[in-house]
Amino acid sequence: AFVPRVASVLSWFERLLTPRLSWVTGPYAERGFGLLCVALAIATTLPIPFGHNLPALALVLIGLGLIERDGLAILFGSAIGITGIVLLGLVVFGLAQGVSFLLRFGL
C-alpha cells in the first residue's frame, strides 16, 4: 500500500526536475557545491533543536539537482543551505552572548 504513494511522489519530482542551467552542473561547479554540501553536513550535526531542518532540505535539493542535472534545483538548494547556515551561526552567536552575559553578571 505504501509503494504506490511513494511512486506517485517520485514521479511528481521527476516531472519538476528537468535538465537546465548546464553551467551549474559542470565539473568545476560541482566541486564548489561539494564544499557547500560538506559545510551543510557539518551544520546538520550541531545539537541545536530544529537547527538541522534547513541544511538537510538543502542537501536533498542539491542531491536531486545533481542527479537530474537540474541547475535551478541546485541553486535553490544552495540558497536555502546558505540561509540555514547563516541562521545557525546567528543562533550559536546568540547563545554564546547569552552565556557570556550570565557568566559576567552572575546567575
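The values are calculated or read from the model by the stated rules, or taken from the named source; none is laboratory data. Values in this document were obtained by computation on a predicted structure and should not be read as measured data. We place every Cβ from the backbone using ideal geometry, glycine too, and count neighbours over all the protein chains shown. Ligands, DNA and RNA are excluded from the accessible area calculation, which covers all protein heavy atoms including side chains. Shrake-Rupley method; radii C 1.70, N 1.55, O 1.52, S 1.80 Å.
Brief remarks follow.
- Karplus-derived HN-Hα couplings along segment 59-69 (A = 6.51, B = -1.76, C = 1.60, θ = phi - 60°), whole Hz, x at Gly and Pro: 4, 5, 5, 5, x, 5, x, 5, 5, 8, 6
- Top positive-direction residue, dipole computed over the chain with Cβ charges, set Ile80, Tyr28, Leu10: Ile80
- C-alpha long axis of helix 71-105 to longest principal axis of the chain, angle in °: 10
- Descending principal axes extents, segment 18-73, alpha-carbon based, whole Å: 36, 20, 12
- For Ser11, Ser22, the ranking by accessible surface with the largest value first comes to Ser22, Ser11, using a 1.4 Å probe.
- Neighbourhood net charge (13 Å Cβ-Cβ; Lys/Arg +1, Asp/Glu -1) for Arg15: -3
- Entry note, the chain: relative contact order of 26 percent, from Cα contacts under 8 Å with a spacing of 6+ residues.
- Per the Cα gyration tensor, segment 1-41 maps to an equivalent ellipsoid with semi-axes of 29, 16, 6 Å, ordered largest to smallest.
- Share of Cα-Cα pairs in the chain lying beyond 24 Å, as whole percent: 41
- Computed [θ] at 222 nm, deg cm²/dmol, the chain (DSSP H ≥ 4; -39,500 (n - 2.57); rounded to nearest 500): -27000 deg cm²/dmol
- Counting only protein heavy atoms and a 1.4 Å probe, the chain has 69 square angstrom of accessible area per residue.
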